[in-house]
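Report on one structure; see the data block that follows.
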């Protein structure tokens, strides 16, 4: 695939899942969001401001920075809590993966629907552990905090590399690159998906789709 | 990317030029999607399409071709049904008389049945209905595919026009290298591939040829079951389009294949842990596909027959000789293909070798057949002459029953016979011809050299270069044979296949999973007997056979002069080029360290060039060896002196034309040709300005030919030195030649018998029982070595009881008997160092080293 992919792995306790995921997803999105664009004539635009906000975690010794947009936070929280529930349903020590995929829409001609072409993919692999006593939990609380700090630095390092980013769009094309549905912030188009356990079998629908595509492409 | 679009930069900019306190202080300019070509999702498909469109000469040509193909399909089916059901043959054969009121002549429409009768006949014939439904489904599939393709290629067309700035009309005259150079150029601007700032030629080749490289490697390592030993026919190769299609279906794109998508192998296949389980799964998949093939067999068979009938009957009628003509077999194309060689490169190479190859094959016409054919042709010819004379005298002769058909039949008969009668002016010189062929096809098993005049060599060559009739026959048989091969042969190899894909897949950033052989890394896959001595760290399992890695590397470097290989590889290439160059300039051959040949005091390159007097045209006039040598020296020297890396091709052109001319002088005054060549070559450099890239690429192939010949020659001399290694490695096949004693006697060349057999030309595949099921193979290399070893060990166990006895009989004795001791000692320095330890080890254990490891 013509797409960068980064994998982050974390090992956390069940109650820390939500906060850890939020921390990482928000960190990535912080760097992949801009202020709203206000287009002027001749293809120029100005960029609105974006505030940031420090969030302290309850179950982890950790503070992260996120875009201060309630709307964005709500969307992310929803996805993460779904993931957490799904993870909880599988049993105590679940494995799961949540991925944040940035994509671009490409308009196609009539017979095809618009293509969504990913250009960056962040996969966060989560390993949930069970801890026996309070002391271990306390150690875990600090350890996870440290680990998350490392991950955040990782993320920043990756983002700092001068690599491909979609070009700044003109007004008509802004929907193909940025998610303009939010009032106060404008992240690149993204998609959050999750997968419980390490099941390698792809879903039936994707297999079917590929089969059809393959037959056509012969 | 010239401009960096991160948030960071925008902030930075705001510091510099924004007066504080104003609203909308900072204006940005939207770049917009100037091009839609940045960041293409499926680059594999994209590059393949770009290549296809180039090969099909532009959009219009492709469109027309596809439309006609669809129409042809309809026509084939419709016409067949019509012929079978709607024609009253009694009328045509005049068995039944038609009563016409106006005239007594029978017209064609008279023979047609009325429509209602016709449709009734069709409706009551279940078989016809079945055929119609099947072909209808097939046609619809093709049609949908066609529509889809048109949409896709329309996009590629606009890519050519807008991004590459090439119009469709100039496309047929642009070389692929040009197109490629432009793609590399626009990557900087559009960023087609997001992983890298710059694309290399190799990346593009890797993407286009990802699966083909795997196939080439699998054929190279004899993994695919395409060679069989049949009871009556002996050893034969069966590789048809249907079989190839099935292989690709199983490995690459079919449901549940090894590949997840075009660019990546499924992760579980990259881990060695559950290889047995995966092999089981693969085996059962192969079984199912085999069964599906078996079930569909009647349909495919019917289709093949119809297709063959309509595409070939016309040709046979027009040119009956074409069945006697030959073509490169599908297996040959796979065997001869370099890694990273595009279709058109391979085809042009093989086409250049075609003439020489068919001449070579014609050398071996059976004398008995010739005598018979001559006489049959004589009698048939006299009958034909009489009939034609009679016809000329009076046309009515044609009206007599069967006269026209006998004239046609006699004509066919004579043409067939003629193909068995050799050309009167042809001279039997297979060795030279084989050299010329080698210059174009670049690969051949070691044991052919010096054995060109033998019938076995010819038989094996015919596996690569088969009769067209055989090709058609194989295609027709394919639907029946394919399921058998899948179920009984390929299934047993499933573990080996799993191991192959695990061991030989590397992930390249920006390309995805590719066959590691296609990286052309001498260190990983070099073969010590092919000049990568000391540079390679490959085990026997990892070495590509027949010097494929080295030759592919040279080929790729020569065809893509702008490609910048990794440092080590560059070193290898420049070293080799320099060696060839030095060989050409080095006048005194005796002092040269490379001239290892004991008897001939000639320079290596001169020697190899003397074989084929020219690379461009074949000339058989020279018989006298002395003249031959002198001419070869001067021609070769002048041709190669100009092989300086800078302007090699330019000068080569001049000197080659000189070579042409020189060879035209036949056997007189050869001494002058050398100077002649030099003057012409210097004169031609004035044309440099006119040379286009097309010319350059044309001469690249000549340069490659010289390198290929050089490498083969060097390999030959090197392998004389380290026979031992090969005789162990390929003992089984060596023995097959030993079992024919009279040939050895008739062979004047002392080395011929000892030549190591190529791995891709061994006898049939090893029996599956030899596959070790020990789960010790967790690491790649260790399991890899196991793969190869059983071949030799089973071979030996099959032939003789104790392996040790066999070894001393087969390997050691022949070597000491045949190779002069002096030569052996001399070659010691040139011989690979690690062979000596092998020798010692074997003498201690009395067992070839790798067999030792198995037990």
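Here, each number is a calculation from the coordinates, and none is a lab measurement. Bear in mind that the values here come from a model prediction, so they are computed numbers and not experimental data. Cβ sites come from the backbone with ideal geometry, for glycine too, and all protein chains shown count toward neighbours.
Things to note:
- Convex hull of the range B:263-352 built on C-alpha atoms - directionally averaged projected area, nm²: 9.8 nm²
- Candidates A:44, A:27, A:170: whichever shows maximal mean-square fluctuation once chain A is modelled as a Gaussian network with Cα springs under 10 Å: A:44
- Legend: mean number of C-beta atoms from other chains within 10 angstrom of residue C-beta atoms, peptide B:422-435, equals 0.
- Other protein chain C-beta atoms within 10 Å of residue C-beta, averaged over A:156-168: 5.
- Computed from the alpha carbon atoms alone, the convex hull of the range B:367-413 holds 54 Å³ per residue.
- With Rh defined as the Kirkwood radius, the inverse of the mean 1/r over Cα pairs, the Rg/Rh of chain A is 1.01.
- With respect to chain A, whose longest principal axis is taken over its alpha-carbon atoms, helix A:134-160 is tilted by about 20°.
- Per-residue ellipticity at 222 nm computed for chain A from its helices equals -12500 deg cm²/dmol, with DSSP H segments shorter than 4 residues left out and the rest contributing -39,500 (n - 2.57).
- P(r) tail for the range B:182-236: Cα pairs beyond 17 Å make up 59% of the total.
- From the alpha carbon centroid of the range B:401-446 to that of the range A:20-71 is 77 Å.
- 5 Å-binned pair-distance histogram of the range B:447-549 (Cα, whole percent): 2, 10, 12, 11, 13, 18, 17, 11, 4, 1
- With semi-axes defined as the square roots of five times the eigenvalues of the C-alpha gyration tensor, the equivalent ellipsoid of the range B:167-209 measures 20, 13, 8 Å, largest first.
- For q = 0.12 Å⁻¹, Debye-computed log10 I/I(0) when each Cα of the range A:58-164 counts as one equal scatterer: -0.62
- Candidates A:171, A:135, A:186, ranked by Gaussian network fluctuation over chain A, Cα under 10 Å, top entry: A:135
- Centre-to-centre separation between the Cα atoms of the range B:372-393 and those of the range B:484-535: 58 Å.
- Evaluated at q = 0.11 Å⁻¹: base-10 log I(q)/I(0), Debye formula over Cα of the range B:299-439: -0.64
- Rounded to the nearest 10 degrees, the angle from helix A:17-31 to the longest Cα principal axis of chain A is 30 degrees.
- Counting Cβ atoms of other protein chains within 10 Å of each residue's Cβ and taking the mean over peptide B:126-133 gives 0.
- Cβ crowding within 10 Å ranks B:275, A:137 as A:137, B:275, fewest other Cβ atoms first.
- Euclidean distance between Cα centres, the range B:280-294 to the range B:302-357, Å: 30 Å
- Expressed as a whole percent, the proportion of Cα-Cα pairs in the range A:1-93 lying more than 18 Å apart is 57%.
- The equivalent ellipsoid that matches the C-alpha gyration tensor of the range B:84-175 spans semi-axes of 50, 22, 10 angstrom, in descending order.
- Residue ranges B:135-144, B:514-523, A:121-130 sort as B:514-523, A:121-130, B:135-144 when ordered by packing (mean number of other C-beta atoms within 10 Å per residue, highest first).
- Remark: the range B:394-462 is approximated by an ellipsoid whose semi-axes, taken from the C-alpha gyration tensor as √(5λ), come to 44, 12, 10 Å, largest first.
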